[in-house]
Each structure stands twice: as structure tokens, then as C-alpha cells.
Amino acid sequence: PRTKDDLRAYCILLQNPQFSNTSTYVIYAHLLRQIAALTEADHHFLVHWSKKISQRRFKQLVDRLLQFISLRLFPAKPEEFPPMVKCTWWIPSATKVLALFNAANSLISPPIISYTDFYNSTLDHIDLMEEYHNWQCYGNSHRFSFCQYPFIISIAAKKVIIQRDSEQQMISIARQSLVDKVSRRQKPDMNMLFLNVKVRRTHLVSDSLDELARKRADLKKKLKVTFVGEAGLDMGGLTKEWFLLLIRQIFHPDYGMFTYHKDSRCHWFRSFKCDNYSEFRLVGALMGLAVYNSITLDIRFPPCCYKKLLSPPIVPCDHNTLVGICDVTLDDLFQIMPELAHGLSELLSYEGNVEEDFYSTFQVFQEEFGVIKSYNLKANGDKIPVTNQNRKEYVQLYVDFLLNKSIYKQFAAFYYGFHSVCASYALLLLRPEEVEILVCGSPELDMSALQRSTQYEGYQKTDLTIRYFWDVVLGFSLDLQKKLLHFATGSDRVPVGGMADLNFKISKSETSTNWQLPVAHTCFNQLCLPPYKNKKELKQKLIIGISNAEGFGLE
């Protein structure tokens, strides 16, 4: 057992700036090994002390550990270190010590540094699927895997793991369909390998609901969408359009499933009672299909929603187990209903007599279809006054009622819909914030980054038409830039890897009629641009094209 002075010595030694030098790495590795091997009680002391380190020093310590792991994986001068076979414990020891800093960071609100500061982008270049399969096979046993410490894996790397895992599930299910067909001596056809969704634009939600309910067994196959009466072939573009239009309709206030809160600019579940929650399951399945098929959606849920979606991350076997219930705080309510949360916050800090001045009980009132209904927050709540002594309990029960209990059936259907498509151990690797990024991408548009990564076919980047194009686009308002992105790619969101991940291409369209507008192949993120005579004409035609971008046809 270590004394407190021993632990203080470890804490001080860890901060030795000389350990940034690779010549000290052998000593540093032994120090990390000893710290990693300490008892759980000793680790608690180190975590508690780490919370008190200044932000600058804390970040230095985290960066030093990340650099140590990176240089052991990919040494600039291999001769500086002992052979890998003799020091297999170096990386596990450093990662375990890094986990102590991550624990300290998670215990403080707001955290000392961002969770993304723990990402090690070097891991993007190792065999992640081998790491993932080792973790699946051996779990958290003595065999080390970075997946045991997911905070170190970047969102880009996690996306790769989820995509590969999805692809393997798709291939496995398609292969099983083929084997079943052949074993029944039936002629196989290509359609059986896909989740084929046929919808009419005029009945988009009802058709989609029917198709996904009917084809529940096919949800893990590759998605293909057909709009009835249209000639477009789905190489990815129709799928993006289907998601976009369906989300737009479902989240419209007139549809009545979600409430849009203007103050927080996000949607939340309506708490009305109904006989059938299948449409909430559809929205969950849509989000699952989007992640599974690598599509980004323009959905504005608060962070709390993604926390609930991972509660738990794996669907429980026992159907009586509650799902989508998580610990919620006043901070969570601030992100959805800031005005109400502010009122509850003032109640907590009120210095007068709460019972006499507020005259409230443990009861809440909600409007449902024009009728005011009352709900007790605890047994006989309507008879229990809110006082200075019990106001904390009242606020906690009120927040829990709004974010968990009042919408339980709606969210449970949504949860099961999402996990019916996305059920994967890879979800255990994700933070709620990372699920949000996978679903929604990033709303931040960097058109200069898009310009740097764009490829050209029939044009050079120095050609006059291309220079006109970027002058016009960089001068567009944010709304027009989003319309251009939607026109060319089928989505106005930026994927996890940034603009470079779009593989955006501008091709020369040789048709030279006066009315020729730009054409997009959203399946391939490709824009076909005619060689316009001047910048004014290019801007005019481009705005007409991107402002009328619904429906598909074949040339």
C-alpha cells in the first residue's frame, strides 16, 4: 500500500517537463506503469488532485501522454526505444493513466478541457477493426484494446468502425437472404439484397411508415429509394432526398409530433397520450438508417436526446427494463426550455419564504389538445407545498417529469426504432455528443475548405469559369451556400470528416444553349457547370438552379 506522500510524489513526477523528451521515455514508461498499477483507492486520490491542476498544466500532461502513445506506435527514430516486443506494456500503461485524467475532466462542470482534446488522431492510421474485434472477443479482460478506452478514439475513427461494422452486417444479412432463396429453389434477384422503399411524394410519411413496418426484417440491408412515377435511379441521391423531405414533414409544427422551441432552436417530444406511437418509432428508425447508411440529417434535437438514446447503449433483453431514462439536470432543461429553467433556477436561489410567496405544490399542469391536465410529481403531490427545505427535490422531480416521465412512451418507441437499425456494440464507444455529430454532421459551412478539396473534370482550377464560380459562391449568404450544398450533394450538412470528405467534383457541361442551367448528380456529389460567358450570367443561372432543387429525372 502506498502512503499519501508516495502518491504526492507520483503526482509531482508526472508533471516533470523533461518527460516531453523522448530520451526520458524509458523512465517515463516505468513511472506510468507504477501509477497504472496502483489500487483503485489510490487512483481516486490522483483523480481528485488532478481536478485542481490549472487548465494549461492539465492540457500539457494530456498532450504529453498522447505524444508518448503516438511515438511508441510510430517512432520517428525506432532505435531510440527498446524493441516493441519487450515493452508491450508501454501503451496500455500510458492509456490507463490518461483514463485518470479523463475521469477527472468528466467530474467537473464545465470540464477543464474539451473531450476532443483526449482524441489521438494517430489511432486513425492503425487497424481499427482488429482493435474492435479484439475488444468484442475479449471484452475488458487482460487483453488490451483502445476500444476499452473510447475517449482516446477520434470521432472520425469511430465513424470508420461504425461504417465497417454496418457494412459487415449488411453483407451478412444479404448473404443470408441469398442462401434462404437458393435453399428454397427460388430464383434470386438483386432486389432481395436491398431495403427497397417505394414512396409517393404526395403520401410521403404514410408510405414510408408502411414500407418500413412491412420490411422490418430488411432494415439492415443497403437502402434504396424509389419515388413512384419518377425515372431517377438511386445511387445515393434519391436516398438523401427522401430523408430530407421526410424529416421536413415530420418535424413541421402542423404534424404535431414535436414542439419547436424558438428560444433554444430545437425540437422536443410532445407529451400527448395516443393509442399508437409507431410514428415515433419511424423517426427513430430514420435516424438509425441515416447513421447506418452514412447520411447526415438536418435534425435539431437537444444534447439530452442523445444522452437518452444511449440509455442504455445496448437494447436490454428484458422488455420490462426501462429505456431512454437518464439522469437529467436543470442544465439539460436550459438547453430545451431556457425560460422555464431560468424560473426554476430563481426558485432555488430565492431568499424569501418559498411556501408563502410562490404557493406551489408538487403538482404540474400541462395543456393537451386544449385541455389543462394536472400531474402529481410524487404521491399526493397536490397536497404537499413547495418549501425552502424541499424546493431542490421539487425542481429535480419537475425536470425529470418533463424530460423523462411525461414523454416515456414516445421516447421508448423512438429508442427502439433507432436501435432496430443501429444495434451494434460500436455504440458503446460513443459519447452522446458524438452520436449527434454522426446523425447531424456539422452545421458549420467552410466554403474555402470545400474550394481547396474540390476536384475538376474538364476544367482547371485556374479557368475563368471556375474563378467566377468561387467568387460567386464565397460571396453567397449562408442560406444560398446551404442551398448549393443541398443541390450538389443532397444534404446541407457537413460530414464528420469535414468538407474534404464530400469528394466534391465540378465537371464541364458541354451543352452551350442560352438557357442551360447547372446540373447536379447528388449520388456522386458532382456539379456539372456550363462555361458561362461572364460572372453575372453564372450567378443568375446558379441561383435559379439551386433554388429549384426538388425532384429527379434522367437526361
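The values are calculated or read from the model by the stated rules, or taken from the named source; none is laboratory data. Bear in mind that the values here come from a model prediction, so they are computed numbers and not experimental data. We place every Cβ from the backbone using ideal geometry, glycine too, and count neighbours over all the protein chains shown. To get the accessible areas, we keep the full protein, side chains included, count just its heavy atoms, and leave off ligands, DNA and RNA. Shrake-Rupley method; radii C 1.70, N 1.55, O 1.52, S 1.80 Å.
I'd like the distance between the alpha-carbon centres of region 248-277 and region 289-336, rounded to an integer number of Å.
16
Does a label point 7 Å from the Cα of V26, set along Cα-to-beta-carbon, have any residues of region 55-90 with amide nitrogen under 14 Å, and which are they?
Flagged as within label range: 79-84, 86-87.
Short version: ³J(HN,Hα) in whole Hz for each residue of region 195-208, in order, from phi by Karplus 6.51 cos²θ - 1.76 cosθ + 1.60 (θ = phi - 60°), x for Gly and Pro, what are they?
Per residue, the Karplus-derived 3J(HN,Hα) values read 8, 8, 10, 10, 9, 9, 4, 6, 10, 4, 5, 5, 4, 5 Hz.
Assigning unit charges at the beta carbon (Lys, Arg +1; Asp, Glu -1) and nothing else, what dipole magnitude in debye, to the nearest 20, does the chain show about its Cα centre?
Once rounded to the nearest 20, the dipole reads 1260 debye.
Please give the FRET efficiency for Q34 paired with V315, using the beta carbon to beta carbon distance and R0 = 51 Å, rounded to the nearest 0.05. Provide the component values of the computation, followed by the final result.
Working: r = 41 Å, r/R0 = 0.80.
Once the sixth-power term is evaluated, E becomes 0.80.
Do any GluC sites (Glu not before Pro) in region 441-539 lie in a DSSP loop with no more than 15 other beta carbon atoms within 10 Å, and if so, which?
Of the GluC sites (Glu not before Pro), the ones in loops of region 441-539 whose Cβ has at most 15 other Cβ atoms within 10 Å are E444, E510.
Using Cα pairs under 8 angstrom and six or more residues apart, how large is the relative contact order of region 4-118, in percent? Write down the numbers at each step before the final one.
On the way: 73 pairs, mean separation 43.6, N = 115.
Computed over region 4-118, the figure is 38 percent.
Expressed in nm to one decimal, what extension gain is obtained for the pair K533 and D6 from 0.36 nm per residue of sequence separation less their Cα-Cα distance?
Gain in length upon complete extension: 182.0 nm.
Quick one: what are the phi-derived ³J(HN,Hα) couplings along region 300-315, Karplus 6.51/-1.76/1.60 with θ = phi - 60°, whole Hz, x for glycine and proline?
Values per residue, Gly and Pro as x: 10, 9, x, x, 4, 4, 6, 5, 5, 5, 9, 10, x, x, 10, 4 Hz.
Once each part is reduced to its C-alpha centroid, what is the distance from region 11-44 to region 453-526 in angstrom?
Cα centroid of region 11-44 versus Cα centroid of region 453-526: 51 Å apart.
In square angstrom, rounded to the nearest 10, how much accessible surface does T22 have for a 1.4 Å probe?
T22 has an accessible surface of roughly 30 Å² with all protein chains in place.
Give, in whole angstrom and from largest to smallest, the semi-axes √(5λ) of the equivalent ellipsoid of region 4-118, with λ running over the eigenvalues of the Cα gyration tensor.
Listed largest to smallest, the semi-axes of region 4-118 are 24, 16, 12 Å.
Residue-wise, which Karplus ³J(HN,Hα) couplings in Hz belong to region 264-272, taking 6.51 cos²θ - 1.76 cosθ + 1.60, θ = phi - 60°, and x for glycine or proline?
Here the 3J(HN,Hα) series is 9, 6, 9, 9, 9, 6, 6, 9, 5 Hz.
What distance in nm separates the two pseudo spin-label positions at H48 and H342, each 7 Å out from Cα along the beta-carbon direction?
Output for this residue pair reads 3.9 nm.
Run through region 457-548 and list the trypsin sites (Lys or Arg not before Pro) located in a DSSP loop whose Cβ has at most 15 other Cβ atoms within 10 Å.
Answer in residue order: K461, K533.
Once the Cα atoms of region 152-192 are picked out, what are the Rg and Dmax in Å?
Cα-based Rg and Dmax for region 152-192 come out at 15.3, 50 Å.
Given bins 5 angstrom wide, list per bin the percent of all Cα-Cα distances in region 447-548, short to long.
Pairs per bin, as whole percents: 2, 13, 26, 29, 20, 7, 2, 0.
Roughly how compact is region 390-479, stated as its Cα Rg over 2.2 N^0.38 Å to two decimals?
For region 390-479, the normalised Cα radius of gyration is 1.91.
Work out Dmax and Rg for region 122-177 from the C-alpha atoms and quote the Rg first, both in angstrom.
12.5, 39
Name the chymotrypsin sites (Phe, Trp or Tyr not before Pro) in region 296-374 that are in a loop by DSSP and that have at most 15 other C-beta atoms within 10 Å, would you?
Y350, Y359, F369
At 222 nm, what helix-only mean residue ellipticity would the chain give, in deg cm²/dmol to the nearest 500, using -39500 (n - 2.57) for each DSSP H run of four or more?
On the way: 21 runs with 258 residues, N = 555.
About -14500 deg cm²/dmol.
Evaluated at 37 °C with a viscosity of 0.692 mPa s, what Stokes-Einstein diffusion coefficient in µm²/s does the chain have when Rh comes from the Kirkwood expression over alpha-carbon pairs?
Result for D is 120 µm²/s.
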